[in-house]
Amino acid sequence: MNPFKILSATYKYRKWLSKGIAGLLFIITGIIVLVYRADIQTFQLIMALFLCGIGIVFCFVCFKRIILELLNFNNNGRTHVPTKMLDIGKKIYHRSQLREGPHIAVIGGGTGISTLLRGLKQFTANISAIITVADDGGGSGMLRRDLGMLPPGDIRNCILALADTEPQMEKLLQYRFPEGDLKGQSFGNLFLAAMTGISESFEAGIRNMSEVLAVTGRVLPVTSENINLIAELEDGVIIKGESKIGNHNTFHPGRIKRVYLDKNNVKPLESALSAIDEASIIVLGPGSLYTSIIPNLLVDHVVERIAKSDAIKIYVANIMTQPGETEGYTVYDHINTIYQHAGCDGFIDYCIVNTGRVPDEIHRRYVRDGASMVRLDSNRIKKLGIRIIERDLLQINKGYVRHDPIKLAKAVLEISGYKAGKV
């Protein structure tokens, strides 16, 4: 063992212990003044309370620093602690480290965003997921029509991605009823609907559900207004509703010219704008270009706040194109479409692109369904002033092409200079 490290650790302990002792002395002095001075003056009372307060702070800092150092010491294999105590200690240490992580605002919706969130929560607790609420299909659409609430589906997935839940609890919340009036409905959607019913608003319902599930970070709808997404195809045909836009190729094939909301001046949630302002990293994607990412940018002031922010802005490119949305699109086409709908350009600093190779058998299946790998056209992207970060981020999950949560999170954090440790 390195003697210099031992001396260094000893010095740290002595320094923190001296603060703890000083804190105890402050507390004792304050208590003596409060107890033994019958004729105590206002000034003396304030000073006694001040001494007690300072003493409590000193003792807390001493206790926290020594415990964290002991846990860190143990991580290097130099102490022997009972397994259960060690597990609890590691959780405490891990959570304290997460609170010191960078502030990240993730903007989008759907499977792609929840994948990224699962990775990011391993490295920081300061996560704000800003999610679109234009979904009108499936169980979300049913609750939206029946209860007049905002669609819970994407919100639910993001809450579960950030939650600290047991496997059985996650299975329960993802369970879909196979028959009856609730056929196809997710229990998690019903849970959020019930939480909204006993809360003052949809946002409060999300917050309360997040507390129950011990969520790391927070999930925020981009707006509390009831909005619908509309697409205009290049041939002039209008498609109404996010669910129909996503699969319009099954009944009216054609490239999308633009998407827009069914109302003007949609007011954003103030907490969503604050999350953008406070972020040191802003991430767009991964996710469906027209139905997950762009709808957020159509809400008033969102683009303005992103462009104004000093945060590092990152776009995570999809691995595969999507039938009905982005057939034949390159990475540049995705970014250019974002800029066109945002009404301004130049606010993306980095683009993360996967270099992992999709297995031939799986790729052929995607091609049969009308999808293909998104092609990287580096020169056109670099002309936009965007730096390209290429990484092998591929994960095959139950036969589907996905981003690897941990690898993607590390790629995002490394751009900011944050050193992501082992998980």
In deg cm²/dmol and to the nearest 500, what is the mean residue ellipticity at 222 nm of the chain if only DSSP H runs of at least 4 residues count, each as -39500 (n - 2.57), divided by the residue total?
-15000 deg cm²/dmol
For a quick check: with amide H placed at 1.01 Å from N, whose amide H comes under 5 Å from Val215's, ignoring anything fewer than 5 positions away on the same chain?
Asp164
If you take the square roots of the eigenvalues of the alpha-carbon gyration tensor of the range 231-370 and sort them as a ≥ b ≥ c, do you get rounded (a/c under 1.5), prolate (a/b over b/c) or oblate?
oblate
Lys/Arg +1, Asp/Glu -1 at C-beta; the chain dipole; positive extreme among Val215, His252, Gln174:
Val215
What angle, in degrees between 0 and 90 and rounded to the nearest 10, separates the Cα long axis of helix 187-197 from the longest principal axis of the Cα atoms of the chain?
70
Give the angle, between 0 and 90 degrees and rounded to the nearest 10, that separates the Cα long axis of helix 138-147 from the longest principal axis of the Cα atoms of the chain.
80
Which loop-located chymotrypsin sites (Phe, Trp or Tyr not before Pro) does the range 178-275 contain, where loop means any DSSP state but H, G, I, E or B and the Cβ has at most 14 other Cβ atoms within 10 Å?
Phe251
On C-alpha positions alone, give me the angle between the axis of helix 42-75 and the longest principal axis of the chain, in degrees, nearest 10.
60
What list of ³J(HN,Hα) couplings, whole Hz, do you get for the range 288-293 from phi and the Karplus terms 6.51, -1.76, 1.60, once you set θ to phi - 60° and write x for glycine and proline?
4, 4, 7, 10, 10, 8
Quick one: pull the percentage of alpha-carbon pairs in the range 288-423 with a separation above 27 Å.
22
Given the Cα-Cα distance of Ile31 and Glu170 and 0.36 nm per residue of separation, how much length would full extension add, in nm?
45.1 nm
Can you quote the Å³ per residue value for the convex hull of the Cα atoms in the chain, rounded to an integer?
218
Answer rounded, prolate or oblate for the range 358-423, using the Cα gyration tensor with square roots of eigenvalues a ≥ b ≥ c: rounded when a/c is under 1.5, else prolate when a/b is larger than b/c, else oblate.
oblate
With x for Gly and Pro, the residue-by-residue ³J(HN,Hα) of the range 363-369, computed from phi through the Karplus equation 6.51 cos²θ - 1.76 cosθ + 1.60 at θ = phi - 60° and given in whole Hz, is 4, 5, 5, 4, 4, 4, 8
Quick one: length gained pulling Cys344 to His301 fully straight, 0.36 nm per residue minus the C-alpha distance?
14.2 nm
For Lys257, which sequence-distant residues (separation of 5 or more, or a different chain) have an amide H within less than 5 Å of its own amide H, given hydrogens modelled in the peptide plane?
Glu232, Leu233, Glu234
Among Thr132, Thr111, Thr42, which one moves the most in a GNM of the chain with springs linking Cα atoms closer than 10 Å?
Thr42
I'd like the Karplus ³J(HN,Hα) series for the range 327-333: coefficients 6.51, -1.76, 1.60, θ = phi - 60°, whole numbers in Hz, and an x wherever there's a Gly or Pro.
4, x, 6, 8, 4, 4, 4
Most fluctuating of Met195, Met142, Met47 in the GNM of the chain (C-alpha, under 10 Å) is Met47
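Quick note: the coordinates plus some simple rules give every number you see, no bench work behind them. What you are looking at is a predicted structure, and each value in this text was computed from that prediction instead of being measured. All Cβ positions, glycine included, derive from the backbone under ideal geometry; neighbour counts span all protein chains shown.
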